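Peer 1: Below: one structure in structure tokens.
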Amino acid sequence: MNGVILRWPVPIGTTTNAQYYKKVLQDKLRPAIRKKRPGLLESGILFHHDNAPVHTAGAVTDVLAGYKWELLEHPCIYLTLPLCDFHLFPKMKEHLRGQRFETEEDIIQATKVAIKNLDKCSYVTAFKDWLQRIEKCANNGGCYVE
């Protein structure tokens, strides 16, 4: 867990359907993994993404199956437990709070800097905390309490 592998802003007006997501996986994520984590593709990947319809579409699951990536199962109450909500978004909000942006490119650059400034060790902590929340949810019959 050495930080963000790919930060890909979806262009304004783009429909994020299964075909688009499949293309991002093939043309952006896989090459980014190969570049930033040499050897990881060969050693095996435990992959996590939302269980949104775009991510669970046949075209996408076929690609992931072809890559032989192991998918992390979602608990039934997962929609209330997204990892980004507990780590990435709050940290980015701290960095971006109070700023005004003139252009889309300004926003992209600011988020790039915010992500780059995240402490790499905090990813391990965030992942462990997230797994504990999922376990707590599972142990409470699908109910999540803080």
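Peer 1: Could you look through the stretch 42-62, keep only residues that are assigned to a helix (DSSP H, G or I) and under 17 Å from the mean Cα position of the chain (by Cα), and pick out the one that is surrounded by the most Cβ atoms within 10 Å (Cβ to Cβ)?
Peer 2: Looking at residues that are assigned to a helix (DSSP H, G or I) and under 17 Å from the mean Cα position of the chain (by Cα), I get 60.
Peer 1: Considering only residues that are among the acidic types (Asp, Glu), closer than 24 Å to residue 92 by Cα and modelled with pLDDT of 75 or more, which ones fall in the stretch 126-146? Quick ask: steps written out before the conclusion?
Peer 2: So the first thing to find is which residues in the stretch 126-146 are among the acidic types (Asp, Glu), and the list is 129, 135, 146.
From what's left, closer than 24 Å to residue 92 by Cα: 129, 146.
Residue satisfying the conditions is 129 alone.
Peer 1: Give all pairs with beta carbons closer than 9 Å in which a residue from the stretch 81-102 that is over 30 Å from residue 140 (Cα atoms) meets a residue that is modelled with pLDDT under 90 and not in a helix (DSSP H, G or I); count only pairs at least 6 apart in sequence or on separate chains.
Peer 2: The qualifying pairs are 92/118; 95/117; 95/118.
Peer 1: Answer yes if at least one residue in the stretch 109-117 is farther than 21 Å from residue 9 by Cα, in a helix (DSSP H, G or I) and either in contact with a Pro (Cβ under 6 Å, 6 or more places away or on another chain) or not assigned by TED's automatic domain parsing to the domain that holds residue 36 (or both), and no otherwise. Spell out how you get there, then give the answer.
Peer 2: From the stretch 109-117, those farther than 21 Å from residue 9 by Cα are none; that's our starting set.
Looking through the stretch 109-117, none of the residues is farther than 21 Å from residue 9 by Cα, in a helix (DSSP H, G or I) and either in contact with a Pro (Cβ under 6 Å, 6 or more places away or on another chain) or not assigned by TED's automatic domain parsing to the domain that holds residue 36 (or both).
Peer 1: Does residue 109 satisfy being under 25 Å from residue 36 (Cα atoms) and modelled with pLDDT of 85 or more?
Peer 2: Numbers: under 25 Å from residue 36 (Cα atoms): yes; modelled with pLDDT of 85 or more: yes.
For residue 109, the condition - under 25 Å from residue 36 (Cα atoms) and modelled with pLDDT of 85 or more - is met.
Peer 1: Okay, next question. For the list (1) at pLDDT below 90; (2) farther than 25 Å from residue 113 by Cβ, I need the number of the one condition that residue 82 fails.
Peer 2: (2)
The values are calculated or read from the model by the stated rules, or taken from the named source; none is laboratory data. Since the model is a prediction, treat every value here as computed from it, not as a measurement. Heads up, the Cβs are rebuilt from the backbone with ideal geometry, glycines too, and the neighbour counts pull from every protein chain shown.
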